[in-house]
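Rule-based calculations on the coordinates, nothing more; no lab input. This structure is a prediction, so every number in the text was calculated from the model and none was measured.
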Amino acid sequence: MRSILPRLAYANARRFTTTPCRRKDPWPLPHTPEHLASTTTPTDIPPPEPLPRPNESVEKMRARLVYQSRKRGTLESDLLLSTFAQEELSKMGAEELREYDKLLDEPDWDIYYWATKKRTPPPRWESSLILEKLTVHARNEGKTVRRMPDLH
């Protein structure tokens, strides 16, 4: 049994080499040029088709948007959108709520990068008042400490 162990250690040592890897890193660090280049979203992809919600009241839409803002799937988007919803949704009218609903149909990371100005939004969102409000919210010029809002 003792004679096998040195051979196994040698075989394992040969498997792991110290020479630099020549292949491209499959998991680059976030926000590096390699990561941003590999995650760009083509602008020619049409926006997703939202679910039809006929006869939805404004209050029901507002409640749904609060929930959808909070339960996105990524912590960054959850925090950004849920605090935005807490501060802004009660002030919005029906038209602004519909625009915000369309924005929430976009992918999480796209919304996050557009709001933080890491990427330019596609033409369909360039002149959006809601995205501009979200960008101001993301800047957090008041330097307030933000946390997930309590559920009501």
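Mind listing the phi-derived Karplus ³J(HN,Hα) values for the range 116-131, rounded to whole Hz, using 6.51, -1.76 and 1.60 with θ = phi - 60°, and x for any glycine or proline?
8, 6, 7, 9, 7, x, x, x, 5, 10, 4, 9, 6, 5, 5, 5
Per-residue HN-Hα couplings for the range 69-84, Karplus 6.51 cos²θ - 1.76 cosθ + 1.60 at θ = phi - 60°, whole Hz, x for Gly and Pro?
Each residue's phi maps through the Karplus curve to give 6, 7, 10, 8, x, 10, 4, 4, 5, 4, 5, 4, 6, 6, 6, 5 Hz.
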